[in-house]
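Everything on this sheet refers to the single structure shown next.
Computed from the coordinates by the stated procedures, all read-outs in this text should not be read as laboratory data. Computed from a predicted model, the values in this text were never measured in an experiment. Ideal geometry is used to build each Cβ from the backbone, glycine not excepted, and the neighbour counts take in all protein chains shown.
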Amino acid sequence: MRHRMKAAPAGFLRRFAAPLAMRAGAILAAAFLAAAILAATVPSHPAMAATPTDYDRGAEAYRLQDYGNALRWFVIAANRGDAAAQNMIGEMYGRGEGLEQNDAEALRWFQMAAAQRNRAAETNLGIAYREGYGVAADYQRAYDWLKQAADVGHVPAYYHLGIMYEHGMLTTDDEEYWIDLYEDAAEAGYGPAQARLGHMYESGVGVERDIDDAVYWYLKAAAHGQTTAQISLAMLYLSGEGVSVDPIQAHAWLSVASFLGNRGATSLILDLTKQLTVEQVNQSQAMASDMLAKIFAPASEDGGGLQR
């Protein structure tokens, strides 16, 4: 396994999508327990003071997927010059959370936040220029923004630079540089990079195929809420490749991914539920509730990396 760190880790924003709409009879009603556990056990924002700021209130509402109130508090904070709030408004516009999706508005808020050297906003601007979100695609400007954030150790920027090198948007004499960037981001705890490495090791893309390494990175990514990794783990638990066959674990990971908004997981779990006993499904749901309580995280001021 390759592990080469290049910079100290920075925090990152972990966000989750729409709530679960699982149904396979009354046996899946236990999924609602997961929501209750989330509300009771999710840790407070690490930066939250005894008297929460407007940003803190917005972050808490966002954590609870109360996007209307989140936006209200973020706007109040943003109008007072809070760059983290400005970035969050941009992300909400980018994903259409609590308001109509609008790339141009997202870009405008990212620019405001980046003017104050907010690293998450710089990363998001890099993504916008790379993908053409609200602006004509411009790989040089994408690189400039991502490099600016990466140079001060903002971990999501490593990953998004890696995407550019992997797909030929940028070139370098080191043909494995993109792998190094993914590994640096993954080692620093960035979920999307961990999920990507898991897929690479499972499929043998860019690295020698190694199912043990794939499981290692999928577990890391799954614990950070990456639904693609959760589904991949479920498939491995069903096939027994790299792990012992365990349909209950597979069902639990699919339950988590479904709760976090992955529609593909919802379809898969309905099929798998038919093959399990009521007792097995109940065991799975207890596991899923524990998993959700551990991985569901509030918004973080120093995140970044607009995901869609």
**Message:** If you average the alpha carbon positions of the range 102-127 and of the range 182-213, how far apart do those two centres end up, in angstrom?
**Reply:** 28
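For A115 and Y177, FRET efficiency with R0 = 30 Å and r from the beta-carbon atoms, rounded to 0.05? Don't skip to the end; give the middle numbers.
Numbers: r = 30 Å, r/R0 = 0.99.
Working from the Cβ atoms, E equals 0.50.
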